[in-house]
Structure formats: C-alpha cells, structure tokens
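Student: This is the structure I have questions about; it appears just below.
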Amino acid sequence: MIEYQLLESEDAKDGRVELFWRCFAPEKKKEEVEKWFDEVKNNQGLFCAMDGDRMAAHMAIVEPLENRIRGANLSFGGIGGVTTLPQYRRQGLIRGLFRQAFDFMNEQNIIFFCPSSLQFSIL
C-alpha cells in the first residue's frame, strides 16, 4: 500500500539516489548520482510515495527564492525532481504528490512558479 510522506533531505537520500539513478541516469555510475546529491542542498520539502521501505515516486519543492514586490516580502518556489519508478507509473502517484506539495506550499506561504530560464537539471 502506498503511503505519502514528507521527508527530510538526509532521511530520503538513499531512496532518492536509487530513484534518480534508475530514472534519469542509468548510464552513469550510481556513485556519480550520490555525489550530486551530496553537493546539492536546494530542497524545502521532499514528498515521497512509499511502498513499504521503497520509494516509488518523488517530488521536491525547490528552495524558495525570496523577493520583495511592492513592499511585500514573498517566497516563490518551484517543483523539481518529479520521478516515478517504471513499475509504479500510471497509478496517480504524482497527482497525490502534487496535492501534498501544493498544500505544503500554501501552508508555508510559498507562491508556486514554473521556471522557464533557470536550469534545474540534475546531471
């Protein structure tokens, strides 16, 4: 049974490395993906769909960018690292993760934005 969880970066590292390696960079060594995760610390919320101990899907809120508009301090955040293992695709897991992420962003007063010129690629 799938359970949705909000995890801390370090608690999710092993599952994220496995997921990203299998889905985004299978031609690379797993250690290269692990090294990338050690260097990058840019996530506010890590939303995971867990099947027991296995991470089936993942989504992260990219660390909010602070901005001041017309005298108001605003936080803008994007979604990144949207990943699902092949055997779990087409089961609505990402839809569930988006719901969790948008609820979290609303509670934290983070405005969702969809970056078009920033590079959010991992490898």
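The values are calculated or read from the model by the stated rules, or taken from the named source; none is laboratory data. On a predicted model such as this, the values are computed, not experimentally measured, just so you know. Backbone-built Cβ (ideal geometry, glycine too); neighbour counts: all protein chains shown.
Student: Let me spell it out: the conditions are (1) at pLDDT 80 or above; (2) farther than 16 Å from Leu7 by Cβ; (3) assigned to a strand (DSSP E or B), and Thr83 meets all of them except one. Which number is the exception?
Tutor: (2)
Student: Considering only the range 7-24, how many residues are modelled with pLDDT under 80 and over 15 Å from the mean Cα position of the chain (by Cα)?
Tutor: 0
Student: Please go through the range 26-51 and pick out each residue that is part of a loop (DSSP other than H, G, I, E, B) and at pLDDT 80 or above.
Tutor: So the first thing to find is which residues in the range 26-51 are part of a loop (DSSP other than H, G, I, E, B), and the list is 26-29, 40-42.
Once the filter is applied, which keeps residues that are part of a loop (DSSP other than H, G, I, E, B) and at pLDDT 80 or above, the range 26-51 yields Pro26, Glu27, Lys28, Lys29.
Student: Conditions: (1) of a type in the set (D, E, K, R); (2) at pLDDT 85 or above; (3) more than 18 Å from Tyr4 (Cβ to Cβ). Arg54 meets all but one. Number of the miss?
Tutor: Looking at each condition in turn, Arg54 falls short on (3).
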